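The values are calculated or read from the model by the stated rules, or taken from the named source; none is laboratory data. Since this is a predicted model, take the numbers as computed values, not measurements. Cβ: placed from backbone, ideal geometry, glycine included. Neighbour counts: every protein chain shown.
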Amino acid sequence: MANRILLQTLLRFSDDIKSGAAKVQDVVTDYFNTTGKSVTDEERGIILKEFQDNAPSNVTTLEGVDPRETIMPMGGASDTPFTDIVRAENPGVELRGNETFGELMEMKESKQGLGSLYPKGEPGQIFDIQNDKRMEVAEFMKAMRAAGIKNEDVMNVAKNPDIAEGKKAATSLARAADMAADTKVKQELLANLDDDIANYGPDWWKGMGYNEGPMGRESVGNLLESMTTDINNGVIDDLIAQGMDEDKAFEIMRYVGREQLKYDPKAFIRKIADELEMNDVKYDMTFWDNYTDEILTRIQKPEPRFATGGLV
């Protein structure tokens, strides 16, 4: 099955293929420069099929080679794995069975909403604003994927015609990916934490007075107890959201024993992970570790410089 980079390469070359400006070797070379890999026989067959279906009849696609003789025996487009992808993503659309690769790519991009939002400019227009914006979005999407953002989120952000707003959203998604905030509950709690980070200074995190502890709490103990409560409730909400019966979710968390660990959120997290594993429940606790570490790091006061000499 052709990989995503090959499909994107063919999409970029589609206008030049139709106009006769591009040859098969151009596509193969671009793919090699992008990936460092040569095309496989299957991928070469897909490239040749694209040229056969869309290039002008007088274009030589590969020096001394007739594309009809080099295309692998996989029949029309209806026999390709890519057709299966398009059919799965467009359940309401009836395929003829003889669509060209270009037609299938247009259907896939239309489904994702990007083809119409970022149309290509006319070939040869060096300073065409549409081409420039399309390239910016393509680079933006590549950067989002490199940051670990899920493809579904990448597509949703890229559909926003306001690229500046999209980049703000991507920053939040990248932060969520870094923290392993993979559920709505985790993401909302992380968003609240990030708001606090942006709006409060160091005194608020470390405590501002004798009767006021870190983060506006009465004491460090009060804050730690609040953290274990947030973790407890967040895990329960996530388990229910992923389909667990409410009674079972509460039962599992009762066995963890929050009351005994209410001042030790790190130990509480480890106990939850053990209990979930014993019940064969698949749930990632990484975010809760990261979230707790972020808060504990911020509320710690620096060691006195001259503690042993009695000076602070």
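Go through (1) buried (at least 16 other Cβ atoms within 10 Å of the Cβ); (2) over 22 Å from the mean Cα position of the chain (by Cα); (3) under 19 Å from Lys142 (Cβ atoms) one by one and return the number of the condition Thr9 breaks.
Against the list (1) buried (at least 16 other Cβ atoms within 10 Å of the Cβ); (2) over 22 Å from the mean Cα position of the chain (by Cα); (3) under 19 Å from Lys142 (Cβ atoms), Thr9 comes up short only on (2).
Is it fair to say Asn151 is within 15 Å of Thr292 (Cβ to Cβ) and either charged (D, E, K, R) or free of Cβ contacts under 8 Å to residues at least 40 places away in the same chain (or both)?
On the way: within 15 Å of Thr292 (Cβ to Cβ): no; either charged (D, E, K, R) or free of Cβ contacts under 8 Å to residues at least 40 places away in the same chain (or both): yes.
No: the conditions fail for Asn151.
When you scan segment 243-291, how many residues do you find that are more than 30 Å from the chain's Cα centre (by Cα) and in a loop (DSSP other than H, G, I, E, B)?
Here the count works out to 4.
Find the residue count for segment 33-45, including only residues that are assigned to a helix (DSSP H, G or I) and more than 13 Å from Gln8 (Cα to Cα). Explain how you work it out, then say what you get.
Here is the first cut: in segment 33-45, the residues assigned to a helix (DSSP H, G or I) are 33-35, 41-45.
Then keep just the ones that are more than 13 Å from Gln8 (Cα to Cα); that gives 33, 41-42, 44-45.
Within segment 33-45, residues that are assigned to a helix (DSSP H, G or I) and more than 13 Å from Gln8 (Cα to Cα) number 5.
Would you check which residues across segment 177-226 are surrounded by fewer than 14 Cβ atoms within 10 Å (Cβ to Cβ) and of a type in the set (Asp, Glu) and list them?
Across segment 177-226, the qualifying residues are Asp178, Glu188, Asp195, Asp203, Glu218.
Restricting attention to segment 179-201, which residues are in a helix (DSSP H, G or I) and either in contact (Cβ under 8 Å) with a residue 40 or more places away in the chain or among the β-branched types (Val, Ile, Thr) (or both)?
Taking segment 179-201 first, the residues in a helix (DSSP H, G or I) are 179, 184-199.
Result: Met179, Lys184, Val185, Lys186, Leu189, Leu190, Leu193, Ile197.
If you take the residues in segment 185-220 that are more than 25 Å from Ala174 (Cβ to Cβ) and basic (Lys, Arg), which one is modelled with the lowest pLDDT?
Ranking the qualifying residues of segment 185-220, first place goes to Lys206.
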